[in-house]
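Student: This is the structure, below, for whatever I ask next.
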Amino acid sequence: MLNPPERNDDANLPTAARDDGTGAEVPLSVYDLTVAYHRKPVIWDVGFDLPAGQLIGIVGPNGAGKSTLLKAVMDLIPRASGRVRVFGDTYRENRHRVGYVPQRESVDWQFPVSALDVVAMGLYDQIGWCRPVRKKHREQARDALGRVGIGDLADRQISQLSGGQQQRTFLARALVQDADLYLMDEPFAAVDAATERAIVEILRDLKERGKTAAVIHHDLQTVPEYFDHVVLLNMRVVAQGPVSQTFTQDNLQKTYGGRLTLLDEVTEAMRRRESSL
Amino acid sequence: MWHAKTSRRNALAGIASCDRGVQLSRGLWLLALLTVSATVCHARGRPSPEASSQSAAFQWTDSQWGRVLLMKDYNTRIVIFGVAVLGGASGLVGSFTLLRKRALMGDALSHASLPGIAIAFIAANWFGGDEKSLPWLLVGATASGLLGVAVILVIRNQTRLKEDAALGIVLSVFFGAGVALLGVIQQMDTGHAAGLEGFIYGKTASMRAADARLIAITSLIVIAGCLFLFKELKLLCFDEGFAGAQGFPVIALDAGLMTMVVLVTIVGLQAVGLVLMIALLVIPAAAARFWTETMWRMMLWAAVLGTGGSIVGGLVSALFPGLPSGAMIVLVCSVFFFVSMMLGTRRGVIIRLIRRMRLNRRIDRQHLLRAMYEQLEKSSGGPDHPGLAERTNRRISVSLDKLLSMRSWSRRRLSRAIERAVEDELLRIQDGACKLTQAGFTEAARLTRQHRLWEMYLIAYADVATANVDRDADKIEHVLAPEVIDQLEDLLDEQGMTIPVPQSPHGPLGTGETLGTGETLDGQGVDADGYAGSERQRDASGGPQ
């Protein structure tokens, strides 16, 4: 396993990791997290606390380390330094409370499984080693597919699903876990308009039920509409906080730096969008 | 042979009827294959002319043949059993490695085992042990095979070389070293190195019952491992990131899979030979993929094909000590593969061609009927004209040239489409011109209506359309079915359009210009009928093919 030994020094955690004053647990607290590939840091001293029960957008340019951040949180890649607390404990301890939606491109969709099989994978941890997937698990998976609106496609081989349907399948796989914190890696990437709306619906539904979702997002225009809280990332955390205060042109400029030559265009697009609403 | 022919006919019929009888045709195909294989073996087993002139040799060959095939000999029986179990295990493990995209690891592993075998042989000779003791040789093979894999990982991780380069280097260097060591052994006084060649090309004839038992037991362990860890390995192969996030130890699972590959490869060396061991790991799994979209079925088929190939190959090699079993197994497996590639009911070449052809025919028919309908509209003075009905239809026939000018289709293609429509009694030909039959008129009206509803839909809800269009072309009817059509009918009603067949949204019909602009609109993605639309959908989304 890639788990680095967990140092037990809670004293160094930000106070919020234990209690944010409102009594609710902090779903995800990252402190001083650094990850390096071949000695070159990808994310550097990243730290933030996610507020419970909100929808959080993780925004930043390509190569800013957004996916790396999520993977490091889940111990999928080794961390050079830093601590991660999920609901106040290690990821390993609370992983059953976390649902993960990887990037759609990360798997081979020609794989000989049906949509239902993929969703059932979300239950493998609960089912346990060497035990078969039973009927009740398949029913759960079918329900989850129904929740994302493709219940009738359960038995399709996954290559016969459209991109949006594949993304919904991945989402259903996370939903079936009934987690409290969802980590989603670009669920909106290259999906059709209807799927985008469906995902937004699901996110809002999750929020209503008190769940937290941290979503890597690329489309700056929709950030204020979809999310309550935003983490602007470019190797370091440039800014974080409620969207209304944090998602400013100034901060975006800092996040995207010289790379955001399109900034004016985006602003223009946002203005146009607002006027059209 | 009669049996094989019948099965083939049945199998083809099964494929033609697509989903019906798929199971049956699969079973029959396997039967047919085994029959053909057996016939081939029989032909090969027949004595050559020289042999038949010497009756003693003939009898010897004949009795040997019967003895082997009927497995009267205990040794043969157990050897074939061992090889069969090995084939099944290879099919299972091979399916996982194929899906994990690590198929070639097995090849590197088996090639890298040769120097280990040679060194174990030399060492045993040196210390005066039994240099042909199989377990001892296999220990050497395992050690050097694993060393080879380790070197691959080191090269991959420590240099900028990619895995394929590392595989190539290790595979050739280790194999070369092994061949050199075999040369050294030939020079040694003992001169008993002949048996070692069996490890390179495989030789079931030289196997003993104890060896076969070792193979069978190891293979059964591997089969059990594959079955118990099916769920976990499936997840690993499909989505290792998610497996890790779920808390499954990805590295340990990979190591477990690799261990099973090692076990199968090492015990398979004697039966199949290290050069061709990869065939037994890859070919059955790859062949099985053509028949199914379900993982457990794929594995079942891989196991069956692996077992079949091993039995036939092993039998032939047991019969003729001169024929390496590895080569025979590969040949039999490649027949399986070729047949699967062509006739596979899910991904086979022929079924794909048939699907494509059917789709094209359906599209042609739709275009033809719609073209006819549009001509009727034109002749009756536009869609709003009350005269457009069966009565008008009776009077009007459309010439081939007219139809030809409406679309960019070749005369031959159009005539074929017309021929097929006539066969299905949708069209009649009178004096070289086409006329819709009653059924044809109904169908044409339905298609035109559907087509225009679809156009309305695209125009009114372009962004929704991209989502709701199913990629599967056959399902287009479902897309336009109940709710959407209701919605669209409401939409059309608001605009005061005639519901039976609404006017084309891209300009007035019944004028010469419309026919001319039809193609342009096609190109713009507005004038899409269901099939073309969903094809475009597929392209636009850039999804997997």
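The values are calculated or read from the model by the stated rules, or taken from the named source; none is laboratory data. On a predicted model such as this, the values are computed, not experimentally measured, just so you know. Here Cβ is always computed from backbone atoms with ideal geometry, including for glycine, and neighbour counts include all displayed protein chains.
Student: Can you tell me which condition A:E186 does not meet? The list is (1) in a loop (DSSP other than H, G, I, E, B); (2) more than 9 Å from every other protein chain (Cβ to nearest Cβ); (3) in contact with a Phe, Trp or Tyr (Cβ under 9 Å, 6 or more places away or on another chain), and all the others hold.
Tutor: Among (1) in a loop (DSSP other than H, G, I, E, B); (2) more than 9 Å from every other protein chain (Cβ to nearest Cβ); (3) in contact with a Phe, Trp or Tyr (Cβ under 9 Å, 6 or more places away or on another chain), A:E186 violates only (3).
Student: On to the next question. For A:R204, work out the one condition from (1) at pLDDT 95 or above; (2) part of a strand (DSSP E or B) it doesn't fulfil.
Tutor: That leaves (2) as the condition not met.
Student: While we're looking at this one, here's another question. Just the residues that are within 14 Å of chain B (Cβ to nearest Cβ) and closer than 14 Å to A:W44 by Cα, please, taken from region A:58-78.
Tutor: Applying the first criterion (within 14 Å of chain B (Cβ to nearest Cβ)) to region A:58-78 yields A:67-78.
Matches in region A:58-78: A:S67, A:T68, A:L69, A:L70, A:A72, A:V73, A:P78.
Student: What is the number of the single condition among (1) more than 14 Å from chain A (Cβ to nearest Cβ); (2) crowded, with 18+ Cβ neighbours inside 10 Å; (3) not basic (K, R) that B:I354 does not meet?
Tutor: Of (1) more than 14 Å from chain A (Cβ to nearest Cβ); (2) crowded, with 18+ Cβ neighbours inside 10 Å; (3) not basic (K, R), only one is false for B:I354: (2).
Student: Restricting to helices (runs of 4 or more DSSP H) lying wholly in region B:216-324: which have 1 or more residues that are more than 18 Å from the chain's Cα centre (by Cα), of a type in the set (G, A, S) and within 11 Å of another protein chain (Cβ to nearest Cβ)? Talk me through it step by step, then tell me what you get.
Tutor: Details: elements: B:230-238, B:240-245, B:250-272, B:277-289, B:295-319.
Per the criteria, B:240-245, B:250-272.
Student: Is region A:200-213 home to any residue that is closer than 12 Å to A:I58 by Cβ and either more than 14 Å from every other protein chain (Cβ to nearest Cβ) or touching a residue at least 24 places away in the same chain (Cβ under 8 Å) (or both)? So that I can check it myself, show each step before the final result.
Tutor: Of the residues in region A:200-213, the ones closer than 12 Å to A:I58 by Cβ are A:213.
Cutting the leftovers down to either more than 14 Å from every other protein chain (Cβ to nearest Cβ) or touching a residue at least 24 places away in the same chain (Cβ under 8 Å) (or both) gives us A:213.
So far as region A:200-213 goes, yes, one or more of its residues are closer than 12 Å to A:I58 by Cβ and either more than 14 Å from every other protein chain (Cβ to nearest Cβ) or touching a residue at least 24 places away in the same chain (Cβ under 8 Å) (or both).
Student: A follow-up question, please. Please find, among A:Q167, A:Q177, the residue that is within 25 Å of A:P61 (Cα to Cα) and touching a residue at least 60 places away in the same chain (Cβ under 8 Å).
Tutor: Step by step, each of A:Q167, A:Q177 is checked, and only A:Q167 is within 25 Å of A:P61 (Cα to Cα) and touching a residue at least 60 places away in the same chain (Cβ under 8 Å).
Student: Residues of region B:329-353 being part of a loop (DSSP other than H, G, I, E, B) and not polar (S, T, N, Q), which ones? Steps first, please.
Tutor: Kept after step one, since they are part of a loop (DSSP other than H, G, I, E, B), are these residues of region B:329-353: B:344-348.
Selection gives B:G344, B:R346, B:R347, B:G348.
Student: Output yes when any residue across region A:99-111 is over 24 Å from B:G256 (Cβ atoms), away from every other protein chain (no Cβ under 11 Å) and basic (K, R), and no when none is.
Tutor: no
Student: Let me ask something else. Going through B:G140, B:G129, B:G148 one at a time, which residue ends up being exposed (fewer than 15 other Cβ atoms within 10 Å of the Cβ), in the same structural domain as B:G195 (by TED's automatic domain parsing) and not hydrophobic (A, V, I, L, M, F, W, C)? Write out each step before concluding.
Tutor: Details: B:G140 fails: exposed (fewer than 15 other Cβ atoms within 10 Å of the Cβ); B:G148 fails: exposed (fewer than 15 other Cβ atoms within 10 Å of the Cβ).
After applying the criteria, what remains is B:G129.
Student: Any idea which of (1) away from chain A (no Cβ under 11 Å); (2) surrounded by fewer than 22 Cβ atoms within 10 Å (Cβ to Cβ); (3) within 30 Å of A:P112 (Cα to Cα) is the one B:S206 doesn't satisfy?
Tutor: (3)
Student: How many residues does region B:416-451 hold that are among the polar types (S, T, N, Q), assigned to a helix (DSSP H, G or I) and out of contact with any Leu (no Cβ under 7 Å at 6 or more places or on another chain)? Lay out the reasoning, then the answer.
Tutor: If we filter region B:416-451 for residues that are among the polar types (S, T, N, Q), which is where we start, we get B:430, B:437-438, B:442, B:448, B:450.
Next cut, assigned to a helix (DSSP H, G or I) only: B:438, B:442, B:448, B:450.
Going one step further and asking which of them are out of contact with any Leu (no Cβ under 7 Å at 6 or more places or on another chain), we end up with B:438, B:442, B:448.
The qualifying residues number 3.
Student: With (1) of a type outside the set (K, R); (2) part of a helix (DSSP H, G or I); (3) farther than 23 Å from B:A279 by Cβ as the list, and B:G168 as the residue in question, which single condition is left unmet?
Tutor: (3)
Student: Filter region A:119-137 down to the residues that are within 13 Å of chain B (Cβ to nearest Cβ), part of a helix (DSSP H, G or I) and surrounded by fewer than 18 Cβ atoms within 10 Å (Cβ to Cβ) and list them by number. Before the answer, list the steps.
Tutor: Of region A:119-137, the ones within 13 Å of chain B (Cβ to nearest Cβ) are A:119-134, A:137.
Pick out the ones that are also part of a helix (DSSP H, G or I) and you get A:119-127, A:137.
Within region A:119-137, A:D125, A:Q126, A:I127 qualify.
Student: Quickly run through region A:103-118 and pick out the residues that are outside any loop (DSSP other than H, G, I, E, B) and acidic (D, E).
Tutor: Of region A:103-118, the ones outside any loop (DSSP other than H, G, I, E, B) are A:104-106, A:114-118.
Answer for region A:103-118, where residues must be outside any loop (DSSP other than H, G, I, E, B) and acidic (D, E): A:E105, A:D117.
Student: Out of (1) in contact (Cβ under 8 Å) with a residue 24 or more places away in the chain; (2) crowded, with 16+ Cβ neighbours inside 10 Å, the odd one out for B:P135 is which?
Tutor: Status for B:P135: all satisfied but (2).
Student: What's the total number of residues in region A:151-165 that are buried (at least 24 other Cβ atoms within 10 Å of the Cβ) and within 21 Å of the chain's Cα centre (by Cα)?
Tutor: 2
Student: Another question, then. So in region A:67-113, with the set limited to residues that are among the acidic types (D, E) and surrounded by fewer than 18 Cβ atoms within 10 Å (Cβ to Cβ), which one is nearest to the chain's Cα centre (by Cα)?
Tutor: Restricting attention to region A:67-113, the residues satisfying the condition of being among the acidic types (D, E) are A:75, A:89, A:93, A:105, A:108.
Subset that is surrounded by fewer than 18 Cβ atoms within 10 Å (Cβ to Cβ): A:89, A:93, A:105, A:108.
Working: A:D89: 19, A:E93: 19, A:E105: 15, A:D108: 20 Å.
Top of the filtered list is A:E105.
Student: Something else now. Give the residue, chosen from A:R168, A:R173, that is within 11 Å of chain B (Cβ to nearest Cβ) and either in contact with a strand residue (DSSP E or B) (Cβ under 9 Å, 6 or more places away or on another chain) or assigned to a loop (DSSP other than H, G, I, E, B) (or both).
Tutor: Values: A:R168 fails: either in contact with a strand residue (DSSP E or B) (Cβ under 9 Å, 6 or more places away or on another chain) or assigned to a loop (DSSP other than H, G, I, E, B) (or both).
One residue alone meets the criteria, A:R173.
Student: Take A:D143 and tell me if it is assigned to a helix (DSSP H, G or I) and within 11 Å of chain B (Cβ to nearest Cβ). Break it down into steps so the answer makes sense when it comes.
Tutor: Numbers: assigned to a helix (DSSP H, G or I): yes; within 11 Å of chain B (Cβ to nearest Cβ): no.
In short, no.
Student: I would also like to ask the following. Looking at this structure, is A:L70 outside any loop (DSSP other than H, G, I, E, B) and under 25 Å from A:Q221 (Cα atoms)? Give the steps one after another, and end with the answer.
Tutor: On the way: outside any loop (DSSP other than H, G, I, E, B): yes; under 25 Å from A:Q221 (Cα atoms): yes.
It is true that A:L70 is outside any loop (DSSP other than H, G, I, E, B) and under 25 Å from A:Q221 (Cα atoms).
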